[in-house]
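The values are calculated or read from the model by the stated rules, or taken from the named source; none is laboratory data. These figures come from a predicted structure and were not determined experimentally. Don't worry about glycine lacking a Cβ; one is built from the backbone with ideal geometry, like all the others, and counts go over all protein chains shown.
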Amino acid sequence: MDKVFAIAQNTFKEAIRNRVMYVILVFAILFILTGVVVKDLTIAAHGLVIRAIGLWAINVFGLILALLLGIGLVYTELDKKTIYTIVSKPIDRWQFLLGKYLGLLLTLYLIVVVMSAVFLVEIHLLNRQIQDPHFGLAMLMSLKAIFLGCVELAVVVAFALLFSSFSSPVLSGFMTLMVIVAGRLNEDIERFAQKIIAGFEGGGEVAKQGFLAGMAFLRDPATGATIFDQIKFLFAKGTALVFPNFELFNARTLALHFDTVDVNILKMITVSTSDALIYAVPYTASVLLLAMFLFGRRNFR
Amino acid sequence: MDNVIVTQHLSKIYVQDFLTFESGRPRLNLRRETKRREALRDLNLEVRRGEIFGLIGPNGAGKTTAIKILMGIHFPTRGSAKILGRPLGDKWAKAQIGYLPENPYFYDYLTGGEFLDYYGRLYGMGRSQRRAKIPELLERVGLTASVSIPLRGYSKGMLQRIGIAQALLNDPEIVVLDEPQSGLDPIGRKEIRDIILSLREQGKTVFFSSHILQDAEMICDRVGILHLGDLVKIGRLEELLTAQVSEFEIVASGMRAEAIAEVERTSKRTLRRADDVLFIIERRGDADAALAKISACGGTLLSFTPRKETLEDIFLKQVGRGTREVAGASRGEVA
Ligand SMILES: Nc1ncnc2c1ncn2[C@@H]1O[C@H](COP(=O)(O)OP(=O)(O)O)[C@@H](O)[C@H]1O
Ligand SMILES: [Mg+2]
């Protein structure tokens with residue numbers, strides 16, 4: 001296991017000795033702090049604006065860094081041929097990948113911690129002026145949103161690693177971005193797939209069921225669905241199935257509006273931490289295993 | 001004497017898929033046949049414990065390919081190999097090996113000390129073990145003063161030396177070096193040569209590749225000559241070299257013109273400078289006759305040198321004249 005940690009530590013060192021990372025971090029911190037200026041320009045509650053900007057920035061800059069650092073993660077070692085000396089050492093290839101994964105995740109979490117610290121100090125200082133009665137809860141909700149954002153990062157980095165282990169940085173960057181977008185839109189895509197089914201006679205019930213049930217329904221000539229409908233469904237439902245659902249990790253809406261919306265809406269925007277973890281852990285593990293499988297059999301140029 | 005590396009019918013054919021990545025950019029190969037390159041064909045060789053084995057051949061001969069297969073970087077298309085009796089990829093065997101790749105590049109943001117510490121951990125060495133070993137190795141490769149300089153500040157020769165240090169971290173049984181001397185100045189080459197020789201003194205096995213024949217000739221116990229993927233010759237260096245004396249150099253002075261003309265007829269080449277004459281004669285009998293002639297005509301024999309075949313002579317004979325650097329291009333590409 002020390003071998004995995006050694007690789008993780010080296011990955012971490014590489015990242016923190018990279019100047020680009022600091023530029024982005026400084027930028028992120030400035031962004032979080034703009035809340036202080038912007039809050040006076042809006043009619044919304046000051047605490048809300050600052051939390052919205054802060055949480056958004058922590059999430060988005062975390063993803064940007066995951067993308068930037070993640071896509072070259074394995075590729076650089078192949079390109080610079082450092083992989084040659086690593087592979088010849090008494091370590092397994094999967095240990096190498098796991099080390100790279102943990103190293104990058106560790107780096108990102110450290111960055112998130114730094115950004116969050118700035119954010120928490122900011123809202124704390126501001127609260128001395130406006131005395132929000134729900135401040136304690138707001139703080140907790142924000143922390144939950146940040147934590148679930150970290151879970152989301154674990155999934156994104158697994159994908160970046162998977163793509164980076166067999167393709168170039170540009171291509172894997174593009175594919176990782178696709179995953180992020182498809183992940184964010186996952187629930188909309190799912191709704192779209194359901195609507196295709198529901199549009200047909202008797203489809204209302206089937207729409208809530210799985211992929212296979214949906215396909216079987218559309219292939220039944222009695223429904224009058226065309227091949228075009230089938231393809232549309234195949235793509236939409238398939239995308240929703242294969243790509244992760246990042247809405248499960250989005251507790252930001254809740255962190256912003258928990259004190260102002262009514263109970264019914266609150267139920268809708270609440271996300272459960274345990275649900276998110278139960279979803280993320282096996283999902284991440286599968287993506288990592290796939291990456292390890294592919295990486296284990298390849299020749300290095 | 002036991003064999004530490006044995007390869008059997010090791011072959012590698014590189015196949016270019018219709019989609020390849022060259023320096024990060026995707027490229028489509030729309031030619032109908034996929035391009036195949038036979039880089040190594042049926043390589044059978046043994047490396048014995050405690051020897052320095054040199055794999056020599058021109059660029060593109062397949063040396064690096066053979067080494068990459070042995071190191072688990074590439075998988076062979078056909079054939080197999082055993083290192084210390086274990087199949088390729090065996091972790092125990094890997095723990096007994098040190099490897100320096102061709103034109104090594106290492107993490108340039110690490111200092112020399114950090115780099116060795118990292119690799120020590122990959123070998124599974126404990127902290128105290130690393131603390132003891134790393135200064136010793138830095139001393140051995142002459143980099144003690146550069147321990148806290150980042151590798152991006154290292155010269156080519158220093159990188160090569162830290163690369164060797166990296167390959168010796170685990171006190172390996174077998175040291176595999178791919179072109180350890182290429183790109184170095186004469187001093188750098190001598191330093192590497194001395195390190196290789198000292199490894200043999202310690203009882204290590206050294207397997208290295210080179211396209212520079214003189215380097216190999218100076219230190220190898222046995223050599224294998226690789227050409228366009230084929231092992232064309234293998235054996236002990238003395239056996240390959242002392243198989244025959246290739247020619248005799250005779251220098252004499254004070255010979256009369258007609259005597260010179262007579263010897264010149266059996267001579268491959270004749271050079272005259274002032275009163276001295278140099279004959280290069282290929283056959284033993286002709287050389288004896290020339291010596292007799294010199295004393296008979298009142299000349300003085302200044303020197304008589306039987307010249308042995310060099311590795312270069314053998315190499316050129318195998319590979320064909322004048323193809324030392326560019327031979328790789330002609331074959332190797334097959335449909
Ligand atoms: N990754 C690769 N893909 C395709 N062809 C390769 C690759 N590596 C080497 N070759 C080809 O295989 C042949 C042998 O190369 P190599 O083993 O590097 O030779 P050497 O080390 O003796 O110079 C060359 O013709 C080279 O172009
Ligand atoms: Mg080579």
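Key figures
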{"read-out": "Total residues in region B:98-121, condition within 16 Å of ligand 2 (Cβ to nearest atom) and either out of contact with any Asp or Glu (no Cβ under 7 Å at 6 or more places or on another chain) or polar (S, T, N, Q) (or both)", "value": "4"}
{"read-out": "Residue in region B:38-55 that is farthest from ligand 1 (Cβ to nearest atom), counting only those that are assigned to a strand (DSSP E or B) and farther than 13 Å from B:R236 by Cα", "value": "B:N44"}
{"read-out": "Which numbered condition B:R161 fails, given (1) assigned to a helix (DSSP H, G or I); (2) buried (at least 21 other Cβ atoms within 10 Å of the Cβ); (3) within 11 Å of chain A (Cβ to nearest Cβ)", "value": "(3)"}
{"read-out": "Subset of region B:38-66 [within 14 Å of ligand 2 (Cβ to nearest atom) and surrounded by fewer than 18 Cβ atoms within 10 Å (Cβ to Cβ)]", "value": "B:N59"}
{"read-out": "Residues of region B:209-225 satisfying the condition of being touching a helix residue (DSSP H, G or I) at 6+ places or on another chain (Cβ under 6 Å) and within 12 Å of ligand 1 (Cβ to nearest atom)", "value": "B:S209, B:S210, B:I225"}
{"read-out": "Test: residue in region B:83-101 that is within 20 Å of the chain's Cα centre (by Cα), buried (at least 20 other Cβ atoms within 10 Å of the Cβ) and more than 9 Å from every other protein chain (Cβ to nearest Cβ)", "value": "yes"}
{"read-out": "Hits in region B:182-208 (condition: within 14 Å of ligand 1 (Cβ to nearest atom) and either more than 27 Å from B:E309 (Cβ to Cβ) or away from chain A (no Cβ under 14 Å) (or both))", "value": "B:S182, B:G183, B:F208"}
{"read-out": "Which numbered condition B:K233 fails, given (1) part of a strand (DSSP E or B); (2) not assigned by TED's automatic domain parsing to the domain that holds B:I164", "value": "(2)"}
{"read-out": "Residue in region B:167-186 that is over 23 Å from the mean Cα position of the chain (by Cα), closer than 30 Å to B:N3 by Cβ and surrounded by 17 or more Cβ atoms within 10 Å (Cβ to Cβ) present", "value": "yes"}
{"read-out": "Residues satisfying the stated conditions in region B:207-222, i.e. surrounded by 17 or more Cβ atoms within 10 Å (Cβ to Cβ) and either closer than 14 Å to B:P101 by Cα or within 16 Å of ligand 2 (Cβ to nearest atom) (or both)", "value": "B:F207, B:F208, B:S209, B:S210, B:H211, B:L213, B:D215, B:A216"}
{"read-out": "B:V232 surrounded by fewer than 20 Cβ atoms within 10 Å (Cβ to Cβ), among the β-branched types (V, I, T), more than 16 Å from ligand 1 (Cβ to nearest atom) and on the phi < 0 side of the Ramachandran plot", "value": "no"}
{"read-out": "Qualifying positions in region B:63-95 - assigned to a loop (DSSP other than H, G, I, E, B) and under 19 Å from A:R93 (Cβ atoms)", "value": "B:M71, B:G72, B:I73, B:H74, B:F75, B:P76, B:L88, B:G89, B:D90, B:A95"}
{"read-out": "Residues that are under 19 Å from the mean Cα position of the chain (by Cα) and more than 20 Å from A:P282 (Cβ to Cβ), drawn from region A:210-257", "value": "A:A251, A:R252, A:T253, A:L254, A:A255"}
{"read-out": "Extreme residue, nearest to the other protein chains (Cβ to nearest Cβ), among residues of region B:110-127 that are surrounded by fewer than 17 Cβ atoms within 10 Å (Cβ to Cβ) and in a loop (DSSP other than H, G, I, E, B)", "value": "B:G124"}
{"read-out": "Selected residue (only one of A:I189, A:I197 is in contact (Cβ under 8 Å) with a residue 24 or more places away in the chain, within 23 Å of A:L248 (Cα to Cα) and surrounded by 18 or more Cβ atoms within 10 Å (Cβ to Cβ))", "value": "A:I189"}
{"read-out": "Test set (1) in contact with a strand residue (DSSP E or B) (Cβ under 6 Å, 6 or more places away or on another chain); (2) away from every other protein chain (no Cβ under 14 Å) - A:Y109 fails condition number", "value": "(1)"}
{"read-out": "Which numbered condition B:G142 fails, given (1) under 20 Å from the mean Cα position of the chain (by Cα); (2) part of a loop (DSSP other than H, G, I, E, B)", "value": "(1)"}
{"read-out": "Helices (runs of 4 or more DSSP H) wholly inside region A:1-94 that include at least 2 residues being surrounded by fewer than 16 Cβ atoms within 10 Å (Cβ to Cβ) and within 14 Å of chain B (Cβ to nearest Cβ)", "value": "A:2-16, A:19-38"}
{"read-out": "Criterion (under 30 Å from A:L290 (Cα atoms), basic (K, R) and either outside any helix (DSSP H, G or I) or away from chain B (no Cβ under 14 Å) (or both)) met by exactly one of A:R191, A:R128", "value": "A:R191"}
{"read-out": "Residue in region B:191-198 that is within 22 Å of B:K68 (Cα to Cα), of a type outside the set (K, R) and modelled with pLDDT of 85 or more present", "value": "yes"}
